[in-house]
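The values are calculated or read from the model by the stated rules, or taken from the named source; none is laboratory data. Computed from a predicted structure; not experimentally measured. No Cβ is skipped: glycine too gets one built from the backbone with ideal geometry, and neighbour counts run over all protein chains shown.
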Amino acid sequence: MKFISTTSLLIFLTVSLFAQKQNCAEKILFIGNSFTYYNGGLEKHFMLFSASAKKAKNIIATRATKGGATLRTLHNQKWVHDSIRNGYDVVVLQEDIPELTEHITTAFFDYATLFHKEINETGSKSVLFMAWPYVRLNWISMDQIADAHQFIGKKLGIPVAPVGLALMKALKERPSLAMLGKDKEHETIHGTYLAVCVIYATIFRNSPVGATYYPTGISPEEAQFLQKIARKTVKKWNSSMKNHQSSSN
């Protein structure tokens with residue numbers, strides 16, 4: 001009769017549990033530009049935040065990003081399509097509308113639609129990450145960016161994470177807490193954290209309030225403030241989307 005040592009059994013159980021945990025994890029891909037990879041990358045903070053939330057989620061997240069890129073630019077990159085085909089539960093699409101040199105939103109609609117079709121064909125779900133206007137390319141306002149996302153979100157039937165609106169709300173309620181850095185374009189760590197809170201609330205339809213993760217540079221009080229801003233913004237956005245759909249029917 002062969003005996004299995006206690007150490008071997010523990011190793012076997014640990015590996016088995018780890019494998020089960022990996023299999024149960026939800027896989028998320030973030031596609032975008034520097035707004036997605038700034039401050040260490042949304043995917044890193046998203047995994048840590050989700051694991052610490054009241055309704056904790058086991059997430060494996062990665063990104064396919066290129067500095068200064070719009071969805072049109074990213075759609076022309078083979079490696080982005082290869083990433084999508086790796087198989088994810090959710091793919092987050094971040095457009096940078098001010099970077100559209102023709103100063104119209106048509107390309108956003110076109111390429112969001114193409115990406116969504118491709119993502120849908122792999123069995124994944126699409127989520128739009130609404131960004132924000134900035135000084136360097138100031139041809140479009142926050143309201144116009146929001147309207148563009150509302151239009152394409154409704155047309156494609158996919159959720160929108162209203163990050164830009166949450167940033168504006170945070171700045172209005174607490175002007176002393178910078179959401180954008182010195183270039184008035186890229187997020188501070190507070191802006192990145194707020195984006196994570198909004199995307200978490202949008203994807204899982206759970207409140208981000210109560211999560212215990214916050215990165216270096218953010219105090220517990222600031223984290224709670226930003227979590228509440230995200231919850232309020234997502235709730236208001238989802239309500240406005242429902243009202244918009246009802247009035248359109």
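Condition first: farther than 16 Å from Y213 by Cβ and of a type outside the set (F, W, Y). Now tell me which residues in segment 29-59 satisfy that. Don't jump to the end; show me each part of the working.
To start, the set of residues in segment 29-59 that are farther than 16 Å from Y213 by Cβ comprises 29-38.
Of everything in segment 29-59, those that are farther than 16 Å from Y213 by Cβ and of a type outside the set (F, W, Y) turn out to be L29, I31, G32, N33, S34, T36.
Please determine, by comparing only the residues of segment 193-213 that are assigned to a loop (DSSP other than H, G, I, E, B) and among the small types (G, A, S), which one is surrounded by the fewest Cβ atoms within 10 Å (Cβ to Cβ).
G210
Suppose we filter K228, K155 for residues that are surrounded by fewer than 19 Cβ atoms within 10 Å (Cβ to Cβ), of a type in the set (D, E, K, R) and farther than 18 Å from F49 by Cα; which single one remains?
Selected residue: K155, the only one of K228, K155 that is surrounded by fewer than 19 Cβ atoms within 10 Å (Cβ to Cβ), of a type in the set (D, E, K, R) and farther than 18 Å from F49 by Cα.
Y214 versus (1) in contact (Cβ under 8 Å) with a residue 60 or more places away in the chain; (2) in contact with a Pro (Cβ under 8 Å, 6 or more places away or on another chain): which is the lone unmet condition?
(1)
Here is a check on your reading of the model: is T62 modelled with pLDDT of 95 or more, within 21 Å of Y200 (Cβ to Cβ) and surrounded by fewer than 18 Cβ atoms within 10 Å (Cβ to Cβ)?
yes
Of the conditions (1) within 20 Å of P133 (Cβ to Cβ); (2) aliphatic (A, V, I, L, M); (3) surrounded by fewer than 24 Cβ atoms within 10 Å (Cβ to Cβ), A161 clears all except one; give me its number.
(3)
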